[in-house]
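Quick note: the coordinates plus some simple rules give every number you see, no bench work behind them. For clarity, every value in this text was computed on a predicted model and none was experimentally measured. Positions of Cβ are generated from backbone atoms using ideal geometry, with glycine treated the same way; all protein chains shown enter the neighbour counts.
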C-alpha cells in the first residue's frame, strides 16, 4: 500500500474518528438524534434503546477511524469502512430526496450540517475510500507496533464512552452551554398553574436541578438533601421536571422543595443539562457550570462558587474541561500516528 493511499485512508480515518469522538462525548445528545432517525424511518419500537444504538454507532465510527489511521487489518478494515460509508451515504441520499429538515448529527452539537452538506461530506469520504483501497489488492502489512497503538486507542475510546455516560459533556456545544445568558436565550418553564416563570433565574444565585425523566428517577431524597445543603450555603434551589405535579408529590419530594418546583419540556431539559437529575449553576441569568447527578456539588464547590466572581469561575472550569478533552484527543492522535 503506497504512501498516497495511506494518506487518503488516514484522512478518512481522521474525519470518522473526530465525528465518533464528538458523539461519544455526548451520548444523550447522540440518542436524541437517533430518535429523529428512528421516527423518520418509522422504527419507533427501537426508541427505547436509541441511546444504546447511538453509542454503538459512534463507537463503531471512531474505532473504524482509528483503524484507518493506524493501518491495521487493512483488508478487513477496508471492507468494514466501505460498508459503513456506503450506509451513511445511502441514508443521506434518502433524507436528501425526502427533503428532510433534520440535522444529521454527524459532528454532535459542534457542527450542524443540512442534508446537502452531509451528502457532499459523505461523497468526499467515499472518494477517499476509493483512492485508498481500489483496486482491491496489495494492501501491505503495517508494523506490529501499530496493533499496539490501535489497541490502546480502542481501549481509551471505550473508557471515554463509559466516562461520558456518567458525566456531563467535557465540552458543551448546546444552546444552553456555560456562558449563555438566559435573558437572550431563555429556558421556558412554568409553575403548577401553567404560568410561565422563566424570568425567575435572571436575578440571584440559583442551583437548578433538572430531571427530564422523573418517572424513572428514584433519588428525590438525595435531591432534597442537596437542596437543604445548598440553601444553607446561600443558594436558591429550583427543581425543573418534565412530569406533572401529581407525579412529583407521589415520589416523596421534600415539601419545602415543592414550592420551588417548575415544569418544562423534556427535550429542553435534556438540552439544559444532559444528566437526569443534574445540577446547573445560574448567576443572574448566566449559566456558569453544570454537574452530573452522580457527582453533585459539595461543600468545597459551594466555597469556590461563593469565593469567586461567576465569570472567573466559569472561565476556570471551562479551561479545565477543555484541556481534558483536547488533551485526550491529542493523546489519541499521538499514539495512532507516532507510536
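Simple spin-label model, 7 Å along Cα-to-Cβ: residue 43 to residue 83 in nm?
With each label point 7 Å from Cα toward Cβ, the separation is 1.5 nm.
Using only the Cα atoms, work out Rg/Rh for segment 255-313, with Rh taken as the Kirkwood radius, to two decimals.
Ratio of gyration radius to Kirkwood radius for segment 255-313: 0.99.
Relative contact order, percent, of segment 194-339 when contacts are C-alpha pairs under 8 Å separated by at least 6 residues?
Rounded, it is 26 percent for segment 194-339.
So what are the three principal axis dimensions of segment 277-339 from its Cα atoms, in whole Å, longest to shortest?
Answer, in whole Å and largest first: 47, 25, 21 Å.
Only one of the listed values, (1) 1.07; (2) 1.03; (3) 0.98, was derived from the coordinates as Rg/Rh (Cα atoms, Kirkwood Rh); which label is it?
It is the value labelled (2).
Kindly express, to the nearest 10 degrees and within the range 0 to 90, the angle between helix 115-133's C-alpha long axis and the longest C-alpha principal axis of the chain.
Roughly 40 degrees, rounded to the nearest 10.
If one computes the Cα centroid of segment 183-241 and of segment 23-58, what distance in Å separates the two points?
That distance is 27 Å.
With the Cα gyration tensor of segment 71-209 in hand, give its eigenvalues times 5 under a square root as the equivalent ellipsoid semi-axes, listed largest first in whole angstrom.
Calculated on Cα positions only, the semi-axes equal 43, 23, 11 Å.
Report, in degrees rounded to the nearest 10, the 0 to 90 angle that the Cα long axis of helix 74-97 makes with the longest principal axis of the chain.
60
How far, in degrees from 0 to 90, does helix 220-232 lean away from the longest principal axis of the Cα atoms of the chain, to the nearest 10?
60
Can you give the helix-only mean residue ellipticity at 222 nm for the chain, where every DSSP H stretch with n ≥ 4 adds -39500 (n - 2.57) and the sum goes over all residues, rounded to the nearest 500 deg cm²/dmol?
Only helices count here, giving -18500 deg cm²/dmol.
I'd like the distance between the alpha-carbon centres of segment 143-170 and segment 93-113, rounded to an integer number of Å.
Taking the Cα centre of segment 93-113 as reference, the centre of segment 143-170 is 27 Å away.
How much of the DSSP bridge set in the chain is antiparallel, in percent, rounded to the nearest 5?
Within the chain, antiparallel bridges account for around 60 percent of the total.
Given a 10 angstrom Cα cut-off, can you work out which residue in 165, 260, 214 is the most mobile in a GNM of the chain?
In the Gaussian network model the winner is 260.
So how do 287-294, 190-197, 53-60 stack up, highest first, on mean other-Cβ count within 10 Å?
My ranking of the peptides, most packed first, is 287-294, 53-60, 190-197.
Would you calculate the volume per residue, in Å³, of the smallest convex hull containing every Cα atom of segment 178-313?
Output value, Cα hull per residue: 95 Å³.
Tell me, 141, 61 in order of fewest to most beta-carbon neighbours within 10 Å?
Result, fewest neighbours first: 141, 61.
Distances longer than 19 Å among the Cα atoms of segment 1-99: what percent of all pairs is that?
That tail contains 48 percent of the Cα-Cα pairs.
Given Cα pairs under 8 Å that are at least 6 residues apart, what percent is the relative contact order of the chain?
18
If I model a spin label as a point 7 Å beyond the Cα along the Cα-Cβ vector, how far apart are those points for residue 218 and residue 98 in nm?
3.7
Find the eigenvalues of the gyration tensor of the Cα atoms of segment 3-165, then list the square roots of 5 times those eigenvalues as equivalent ellipsoid semi-axes, largest first, in whole angstrom.
27, 20, 12
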